[in-house]
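Visitor: To start, I am sharing the structure in question, which I have written as structure tokens.
What follows draws every value from the coordinates through simple rules; no lab data is involved. Computed from a predicted structure; not experimentally measured. Every residue, glycine among them, receives a Cβ derived from its backbone with ideal geometry; neighbour counts consider all protein chains shown.
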Amino acid sequence: MTAIQSPATEEIHPDVALVERAKAGDEAAFEQLIRQYDRQIFRIARHITQNKEDAEDIVQDTFLKAYQKLEQFQGNSKFYTWLVRIAVNESLMRLRKRRNSKTVSMDEDVQTEDGSVPRDFADWTPNPEQQYGQGELGDILRKTIQGLPPGFRSVFTLRDVENLSTEETAEALGLSVPAVKSRLLRARLQLRERLSRYMKVKDEGAK
Amino acid sequence: MTCTEFLAKMTDYFDGTVDASLLEEVKAHLCECSHCEVVVNTTQQTIQVYRDHQIYEYEMPESLRDRLRTAIMEKCRGSRCK
């Protein structure tokens with residue numbers, strides 16, 4: 001697999017100027033920031049909550065909160081990472097409400113055994129896209145990711161689907177880098193395990 | 001290198017951040033352990049299928065984007081007047 005980390009950038013991010021203008025009351029600048037990131041925030045919220053209506057509300061709440069707290073944004077992190085952090089918190093809060101105040105946090109259900117070795121001996125052949133049509137595959141993927149605890153779903157979504165770097169993911173989730181790596185490993189393995197129930201395997205080499 | 005030790009390095013291996021001193025060991029383990037090779041292949045397929053599928057599936061239609069953006073800007077204006 002190709003490396004999926006983003007390169008470190010030292011130069012000033014173009015968002016900084018937009019944020020400064022928005023802080024000074026320039027509505028068009030803030031609208032531009034919405035245009036740039038609404039889709040990503042929607043996808044993240046949709047992934048974590050697994051609910052379209054919640055995701056729409058979260059997009060609104062996230063940008064409104066960002067606007068109200070704009071003065072607090074110091075530019076130590078990227079504006080996008082800051083925004084994602086707000087969106088993740090809003091998403092977890094929604095899940096909490098939906099589950100009738102049962103605690104939902106980044107730590108929920110993630111204290112599983114680390115490093116247990118999966119027992120598989122055969123590759124998926126053909127690959128998932130070849131085995132299922134778009135609609136059917138979509139249903140399987142949804143069902144599979146819904147079974148993951150929200151803490152794992154968040155890490156997987158930010159790192160693997162939205163392609164944030166490990167450091168950005170850690171910052172957005174308020175976790176340490178080693179904690180992100182450990183959760184990412186377990187999230188990937190759990191998803192792989194759940195998905196494998198739907199996958200045909202190559203006979204050759206199967207035991 | 002054991003399978004458990006390999007697994008602990010799998011995230012770094014995917015990210016291309018395995019220490020140079022360990023990389024040869026990781027690669028050697030993958031060459032000799034067909035089991036871990038399968039885990040790597042199927043995990044990579046898992047990541048890829050989610051990345052490809054979900055990004056397109058969870059895309060917002062332009063009409064929804066417009067509606068939400070308008071609503072957000074109205075709320076922002078309202079919140080500033082307080």
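Visitor: Can you pull the mean other chain C-beta count within 10 Å for peptide A:188-195? Write down the numbers at each step before the final one.
Guide: Working: counts 9, 6, 1, 5, 8, 4, 1, 6.
Taking all residues of A:188-195 together, the mean is 5.
Visitor: What angle, in degrees between 0 and 90 and rounded to the nearest 10, separates the Cα long axis of helix B:3-15 from the longest principal axis of the Cα atoms of chain B?
Guide: 50 degrees
Visitor: Divide, for the range A:34-85, the radius of gyration over alpha carbons by 2.2 N^0.38 Å, where N is the residue count.
Guide: 1.12
Visitor: At a Förster distance of 30 Å, what's the computed FRET efficiency of B:R67 paired with A:K97, Cβ-Cβ distance as r, to 0.05? The partial results should precede the final answer.
Guide: Values: r = 23 Å, r/R0 = 0.77.
The value I calculate is 0.80.
Visitor: If you don't mind, another one. Are any of the pairs A:K23/B:K75; A:K23/A:K78; A:K97/B:K75; A:K69/A:K97 more than 19 Å apart by Cα-Cα distance, and if so, which?
Guide: Values: A:K23/B:K75 16 Å; A:K23/A:K78 16 Å; A:K97/B:K75 23 Å; A:K69/A:K97 23 Å.
The pairs that break the limit, which is 19 Å between Cα atoms, are A:K97/B:K75; A:K69/A:K97.
Visitor: Also, quick follow-up: In units of 2.2 N^0.38 Å, what is the alpha-carbon radius of gyration of chain B?
Guide: On the way: Rg = 22.6 Å, N = 82, 2.2 N^0.38 = 11.7 Å.
Against the empirical 2.2 N^0.38 Å value, I get 1.93 for chain B.
Visitor: If packing is taken as the average number of other Cβ atoms within 10 Å across a peptide's residues, how do B:2-12, B:23-33 rank, most packed first? Spell out each step's value before the answer.
Guide: Numbers: B:2-12: 17.0, B:23-33: 14.2.
In descending order of packing, they fall as B:2-12, B:23-33.
Visitor: Next up: Can you compute 3J(HN,Hα) from phi for each residue in the range A:62-68, using the Karplus curve 6.51 cos²θ - 1.76 cosθ + 1.60 with θ = phi - 60°, rounded to whole Hz and x for Gly and Pro?
Guide: Whole-Hz 3J(HN,Hα) from phi for the range A:62-68: 5, 5, 5, 5, 4, 4, 5.
Visitor: Also, quick follow-up: Just to verify a number: FRET efficiency for A:N163 and B:A28, C-beta to C-beta distance, R0 = 35 Å, to 0.05? Numbers along the way, then the final one.
Guide: Numbers: r = 30 Å, r/R0 = 0.84.
Step by step, r from the Cβ atoms, then E = 0.75.
Visitor: Counting alpha carbon pairs within less than 8 Å and at least 6 residues apart, what relative contact order, in whole percent, applies to the range A:12-70?
Guide: Details: 31 pairs, mean separation 15.5, N = 59.
Over the range A:12-70, the number comes to 26 percent.
Visitor: Enumerate the calculated ³J(HN,Hα) couplings along the range A:42-49 in order (Karplus 6.51 cos²θ - 1.76 cosθ + 1.60, θ = phi - 60°), each rounded to whole Hz, writing x wherever the residue is Gly or Pro.
Guide: 4, 4, 4, 5, 5, 5, 6, 8
Visitor: Here's something else I'd like to know. Give, in whole angstrom and from largest to smallest, the semi-axes √(5λ) of the equivalent ellipsoid of the protein assembly as shown, with λ running over the eigenvalues of the Cα gyration tensor. Display every interim value, and only then the final one.
Guide: On the way: eigenvalues 274, 91, 55 Å².
Semi-axes from the Cα gyration tensor: 37, 21, 17 Å.
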